[in-house]
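The values are calculated or read from the model by the stated rules, or taken from the named source; none is laboratory data. The shown structure was predicted, so the numbers you read here are calculated from the model rather than taken from an experiment. Positions of Cβ are generated from backbone atoms using ideal geometry, with glycine treated the same way; all protein chains shown enter the neighbour counts. Protein only, heavy atoms only, side chains kept; ligands, DNA and RNA dropped before computing areas. Shrake-Rupley method; radii C 1.70, N 1.55, O 1.52, S 1.80 Å.
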Amino acid sequence: MTLRRAVFITGIIVLSVWTLLPIYLIALGAVGGRTVVNSWPKPFLPPADLSFATMREFLDIAGVWTSALYSVEAAVLCMAFSILLGVPAGYALARFVFAGATAYRLVVLLTRAFQSQSSRCHSLSASSGSGFTTLRSASA
Amino acid sequence: MNARVIPYLLIAPSLAFLAILFFVPLVQTVALAFQADGIWSTGNFTRMTGDLNFTDAVVNTFELVIIVVPLQLLLALAMAMMLQHLRGGRDIVLWIWSIPLGISDLAAGLVWLAILTDKGYLNTILVRLGVLSGPQSWLSYETPATLLAAIVVAELWRATAIVLVIVVAGVQLIPKEYGEAADVFGATPWQRFTRVTLPLLKPSIQTALILRTVLALEMFAIVLSIGGRNFPVLVSEAFNWQYTQQNFGVAAAYAVIVMGVSLAATLIYLWALRTPAAQR
């Protein structure tokens, strides 16, 4: 292996660890429960008495499954609508030269410039989602 | 069918959707921002700029955008180039690197809070290495520099993946022949990257920059989970005015400001990174 290749592989590994390590650490908290979350110094290995009691407790809280279902529903609907609205529009932008294309692009981008937190209209997240699909299919 | 009509038919559904569900609330918000007690005025804006947190929020928001977005672009470009040179396992590496895409910003904020909090993993490592003698706080009001750095790191971790995905899609569209031609003419890898790959990536970079800048201007959940009220940004101020103070007018004024800045940034990118029609 050349030095170049070694540096390259190290880079790949460092970036992968950088992505995965925080997820591992938060997972430790999820299986370790209160003892891990409040402990000092923090353990880097899973506790010996590894249990899913905390996860089970969490899943037993009333409403967790209902809200999970709502999330899935909202995600599926958003995806369906943004594909339905965004793909034809993206195709139009990518395949046709027409007057108003730039203006339309700007309008789509405008949805992104409007943060959903302070808007009282929840359907906005769907509209900004479709904006993203439009942009993606236009640039792909 | 007339080819002139087709594109308009294709964008018509989304335009209708936007007209009803975007423009109406947009106009309402702008109207709300410019009204106080039912009469037209700029009172909300005066109240907003007079607020103690306003200057901090503006400075913090711009600081974040100016630091985070270029770093993300550089990191994503480097990652995309590395992926291109990977012989095996390209798919698995791309998959790992895009995992943060699936993590909500609030969850990402909590992940990094667990690492950076006083009794967190970072301090554990630093104490073990002998750098620190005990827990040190990084995210308090007294340590604005490390607080900013923490938010930057968390945002880099969470949102570089979206830039990466856009850039990777763009790289895949570049025909291999261009790079091979550059090789034949004796270009170094760096010349190949700056003279062939980067110019051809311009449309993807434009999309990525616009999206990331606009989203970074709206950073909220990460900032709130890591910095709390110690690090006001424009959107967290809008949120406070809306829900804590129940003053919808000032919240709308913030929304209008964020929108104005986003629009200006978008126009600048569209202009600065435009591709002449002849090259499309």
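Computed quantities for the displayed model
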item	result
Chain B, relative contact order [Cα under 8 Å, separation at least 6], %	27
For the range A:1-110: relative contact order, % (alpha-carbon pairs under 8 angstrom, 6 or more apart)	15
Largest to smallest accessible area among B:20, B:151 [probe 1.4 Å]	B:20, B:151
Debye equation applied to the C-alpha atoms of the protein assembly as shown, log10 I(q)/I(0) at 0.07, 0.09, 0.12 Å⁻¹	-0.40, -0.67, -1.16
Axial C-alpha extent at least 18 Å, average Kyte-Doolittle at least -1.0 - helices from chain B (DSSP)	B:6-18, B:52-84, B:144-173, B:198-217, B:248-272
Theoretical FRET efficiency, 1/(1+(r/R0)^6), r = Cβ-Cβ of residue A:96 and residue B:275, R0 22 Å, to 0.05	0.85
Interface A:B - total buried accessible surface [probe 1.4 Å, Å², rounded to 100]	5800
Shielded residues, the range B:6-50 - accessible-area loss of 40 Å² or more between chain alone and all protein chains, probe 1.4 Å	B:7, B:8, B:10, B:11, B:14, B:17, B:18, B:21, B:22
Environment charge at residue B:44 (Cβ cut-off 15 Å; Lys +1, Arg +1, Asp -1, Glu -1)	-2
Which of A:79, A:55, B:82 is most accessible, then next, and so on - probe 1.4 Å	A:79, A:55, B:82
Debye log10 I(q)/I(0) at q = 0.11, 0.12, 0.14 Å⁻¹ for the range B:54-279, Cα point scatterers	-0.68, -0.78, -0.97
Solvent-accessible heavy-atom area per residue, rounded to whole Å², over the protein assembly as shown at 1.4 Å	53
Accessible surface of the range B:56-109, 1.4 Å probe, proportion on carbon and sulfur as whole %	70
Two-site FRET efficiency, residue B:40 against residue B:5, from Cβ-Cβ distance with R₀ of 45 Å, rounded to 0.05	0.65
Residue B:36 long-range amide H proximity, modeled H, under 5 Å	B:41
Debye, to nearest 20: dipole size of the range B:54-279, +1 on Lys, Arg Cβ, -1 on Asp, Glu Cβ	460
Positive-end extreme of charge dipole, chain B - chosen from B:165, B:245, B:48 (charges on Cβ)	B:165
